[in-house]
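Report on the following structure.
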Amino acid sequence: MTAHQSGKTLPDTTGKDVPHGPGIPGLRGRPVTSSPPRVSPPATPPPAARTVRRAWRGVLAAVAALCVLGPAGAGLWDRLDEGGFAVTGSPSERVEERAAALGAGTPDLVLRVEAGEGGVDAPRTAAAARALTDRLRREPGVRGVAGYWDSGHPGLRSRDGTAAVVTADLAGSESDRARSAADLAPRYARTAPPLRVSATGSAWTRAQATAYSRADLIRAELIAGPVVLALLAFAFRSLLAALLPTAVALLASVAALAGLHGLSYLTPVSTFAVNLVAALGFGLAVDYGLFLLNRYQEERAHGAAHDEAVRTMLRTAGRAVGASAATVTAALCVLLVFPVPFLRSMALAGALVTVLAAVSARLLVPVLLTVRTGGAAPRTRPPGDSPRWRRLAVAVTRRPVLAGGLCSLVLAALMLPGAHARFGLIDERVLPRSAEAHAVADRLRADFGFHPDRQLRVVLPDVRDGVALDDYARRLSALPGASRVDTALGGYEDGRPTWRPRATAPPLRGTVAVVTGRGDPQGAEAAALLADVRRLPAPGAAAVTGPALRFEEITSALRDHLPPAGGLLCGVTLVMLIGCTRSLLIPVKALAMAFLSLTAGCGALVLVFQDGWSPTAHFATVAALDSTIPLLMFCVAFGLCVDYEIFLISRIREEYLRTGDNTRAVITGIARTGRVFTLAACAVAVAMAALATSRVSLLQQLGVGLAVAVLVDATLVRGVLVPAFLRLTGRANWWPSGPAVPPAPDA
């Protein structure tokens with residue numbers, strides 16, 4: 001029997017005893033066997049010249065694509081939709097059209113006309129104002145004009161008599177009306193002397209929001225691009241390595257803008273979709289490029305040749321990129337369930353840029369790696385193996401209950417503010433206070449009895465009798481929540497007439513009664529007034545429209561479609577995660593963890609925008625968050641959180657299948673992905689924080705909510721809560737697939 005067969009210990013050439021038989025992990029030395037000694041593999045040869053030439057052709061193709069796609073997206077702004085916040089086919093829209101046909105539509109453009117010496121009733125001022133009103137009435141796109149100097153309506157005159165109001169009802173879609181307002185408001189402000197004219201109204205608000213978002217997009221990209229590039233260069237200690245994910249982001253963003261241009265010919269695309277595409281596309285493309293690059297460098301550090309490293313990268317991280325993009329796309333497409341054009345537009349735009357980011361990363365990263373590396377020597381240490389993250393993972397897995405409990409308390413504290421969130425509709429307060437539409441609306445509220453945002457319009461198509469209309473208006477004005485009622489016959493308050501128009505009213509062939517409420521149009525008092533107006537018997541058929549009804553419609557639509565949308569989101573995500581992880585427990589855990597990250601983001605929104613706990617005056621305090629933003633933020637952040645889950649669990653599962661040791665797999669997976677997750681989350685957070693620099697409150701809310709949700713998910717959730725959970729659940733994590741190899745020895 002040989003020494004090898006007997007398992008005896010023989011000295012090696014260094015004089016140290018070496019155990020024979022099966023090697024024991026962790027012990028130094030090498031057993032003496034009858035097989036020939038291992039020969040170190042030769043140095044990794046550089047890629048063949050033909051491969052490099054093909055890679056350069058790929059780079060030139062990408063440059064050519066940029067040259068073609070850039071101009072293709074140039075005309076996008078002229079095709080964007082500047083509305084889309086009402087429920088599709090809602091009764092309020094149909095009634096609004098009927099009110100406009102009767103000459104009493106909701107004013108789209110409101111001009112505040114400040115008089116010169118002598119006040120609004122001075123002869124010279126009145127003559128100039130009537131000329132302005134007549135000129136506005138003849139403008140293309142204007143289908144109705146009303147003003148103080150025509151009607152004598154006291155609500156259109158300021159309390160001090162120094163200013164009055166002229167309103168215009170504009171024709172066409174919301175985008176058509178916004179473009180008309182963008183033309184009319186500046187022009188009338190320049191050509192009105194001796195009068196001083198300023199503007200507000202829903203159409204001018206949308207026009208200014210579009211102008212701000214367009215300028216903010218350029219500034220956001222100028223901020224996000226250099227900051228992310230510097231972050232990646234610092235992390236990789238190489239500008240060339242940092243440029244690779246940035247190049248992927250550039251290609252994906254340009255392609256997405258060109259794709260949006262094409263999409264605008266098929267369906268309305270919101271003007272805010274461009275800002276979302278730029279921020280989300282940049283963040284995702286950097287993430288995907290970063291994950292691929294990290295895995296390639298790790299394979300090279302372990303001695304793999306270039307071609308083998310690329311194949312492994314695409315088989316592992318590349319597969320995770322595809323699964324991640326599919327999950328993010330599915331999460332965004334859930335928004336198509338809601339009958340709100342704005343949400344559907346953002347869903348399509350986000351899905352488009354997500355797919356393009358994944359495709360760009362998978363196509364461009366291998367090409368750029370081939371060009372960049374050539375025959376470069378492999379790195380000596382896997383770049384993703386972070387000692388800090390390894391120490392954290394070891395500490396968490398040693399005391400999973402304590403670590404998970406403390407992390408849960410922190411997350412609960414972040415979630416609490418969301419419990420008192422209030423939601424509303426977009427109005428001029430979405431703009432900064434310095435914006436003309438916002439500033440003029442504030443002055444109208446302070447100086448006038450004119451509150452178009454509080455008005456309900458009651459369309460009475462069958463009214464022919466002035467006596468019946470007078471009686472109905474008296475009863476309307478006596479309702480508890482009504483401050484005033486205006487009709488073709490004049491105004492009423494508390495059941496009594498208060499003023500009569502200067503001109504004799506034409507014969508009635510249908511008319512509109514305008515009821516002005518006392519409180520917030522999106523509050524309980526306005527809802528009660530709406531219910532009272534509906535119940536009050538009218539002279540013939542009656543239909544109601546107004547901001548209170550639109551708020552009721554969108555609230556009901558979102559509430560009614562939320563359960564099927566949530567069920568669809570959870571179902572699709574579970575199926576995709578089960579396919580990726582071959583586990584039943586981990587997908588359920590992923591949904592719960594994503595929910596925690598999202599509620600933390602919602603809590604941050606309430607703290608910053610609703611409660612006013614803002615570190616900067618840039619974020620204006622609002623009475624209520626826009627109803628659509630939490631839904632949009634939820635779906636985008638959900639996709640991003642599951643995105644990180646896929647990359648993390650894929651790596652942990654890979655280690656588990658290799659070793660069969662759950663705890664070791666968790667520690668190794670965290671150690672090798674923690675650093676890259678931090679970088680990826682910071683890249684997305686920077687892109688979203690750049691979005692939050694916008695002067696439009698709606699974009700600010702989206703940027704802050706997403707940045708907080710992503711950072712919380714990549715640090716607290718992925719760094720502490722997930723490893724604690726995986727440690728406690730042990731082998732049950734991987735049921736029913738189980739390990740591919742027997743468990744490793746405990747040595």
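The values are calculated or read from the model by the stated rules, or taken from the named source; none is laboratory data. Nothing here was measured: the structure is a model prediction, and the numbers come from that model. With ideal geometry, Cβ positions are generated from the backbone for all residues, glycine too; neighbour counts draw on all protein chains shown.
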Only one of 653, 675 is surrounded by fewer than 24 Cβ atoms within 10 Å (Cβ to Cβ) and more than 28 Å from the chain's Cα centre (by Cα), namely 653
Among the residues of the range 216-240, the number that are touching a residue at least 60 places away in the same chain (Cβ under 8 Å) and either crowded, with 20+ Cβ neighbours inside 10 Å or not β-branched (Val, Ile, Thr) (or both) is 12
Considering the range 544-558, residues that are over 22 Å from the mean Cα position of the chain (by Cα) and of a type in the set (A, V, I, L, M, F, W, C), and then whichever is surrounded by the most Cβ atoms within 10 Å (Cβ to Cβ), we arrive at 548
A careful count of residues in the range 104-119 that are surrounded by 16 or more Cβ atoms within 10 Å (Cβ to Cβ) and free of Cβ contacts under 8 Å to residues at least 60 places away in the same chain gives 1
Reported set for the range 645-662 where residues are under 10 Å from residue 726 (Cβ atoms) and either out of contact with any Ser or Thr (no Cβ under 7 Å at 6 or more places or on another chain) or of a type outside the set (Val, Ile, Thr) (or both) is 648, 652, 656, 662
Restricting attention to the range 433-449, the residues that are farther than 20 Å from residue 516 by Cα and buried (at least 19 other Cβ atoms within 10 Å of the Cβ) number exactly 4
For the range 406-413, does any single residue satisfy the condition of being assigned to a helix (DSSP H, G or I), touching a helix residue (DSSP H, G or I) at 6+ places or on another chain (Cβ under 6 Å) and in the same structural domain as residue 608 (by TED's automatic domain parsing)? yes
Exception for residue 110 within (1) within 30 Å of residue 542 (Cα to Cα); (2) touching a Lys or Arg at 6+ places or on another chain (Cβ under 9 Å) falls at (2)
Residue set 676, 720, 684; condition touching a Cys at 6+ places or on another chain (Cβ under 6 Å) and not aromatic (Phe, Trp, Tyr); output residue 720
The range 440-536: strands (runs of 3 or more DSSP E) wholly inside it with 2 or more residues that are within 30 Å of residue 422 (Cα to Cα) and in contact with a Leu (Cβ under 9 Å, 6 or more places away or on another chain) are 455-460, 482-487, 511-517
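Looking only at the range 341-348, decide whether some residue is within 16 Å of residue 252 (Cα to Cα) and modelled with pLDDT of 80 or more.
yes
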Matching residues in the range 559-577 (crowded, with 16+ Cβ neighbours inside 10 Å and either without any contact (Cβ under 8 Å) to a residue 24 or more places away in the chain or in contact with a Ser or Thr (Cβ under 9 Å, 6 or more places away or on another chain) (or both)) number 5
Test result for residue 309, in a helix (DSSP H, G or I), surrounded by fewer than 24 Cβ atoms within 10 Å (Cβ to Cβ) and touching a Phe, Trp or Tyr at 6+ places or on another chain (Cβ under 7 Å): no
Scanning the range 313-340 residue by residue, those out of contact with any Lys or Arg (no Cβ under 6 Å at 6 or more places or on another chain), surrounded by fewer than 24 Cβ atoms within 10 Å (Cβ to Cβ) and not in a loop (DSSP other than H, G, I, E, B) turn out to be 314, 315, 319, 320, 322, 323, 326, 329, 330, 333, 337
For the structure I just gave you, tell me whether residue 427 is touching a residue at least 12 places away in the same chain (Cβ under 8 Å), more than 30 Å from residue 185 (Cα to Cα) and of a type outside the set (A, V, I, L, M).
no
Expected output for the range 66-83 (first residue closer than 19 Å to residue 174 by Cα, partner of a type outside the set (A, V, I, L, M, F, W, C) and surrounded by fewer than 16 Cβ atoms within 10 Å (Cβ to Cβ), Cβ below 6 Å, 6+ apart or cross-chain) is none
Please verify whether residue 162 is in contact (Cβ under 8 Å) with a residue 24 or more places away in the chain, of a type in the set (Ser, Thr, Tyr) and out of contact with any helix residue (DSSP H, G or I) (no Cβ under 6 Å at 6 or more places or on another chain), treating the condition exactly as stated. yes
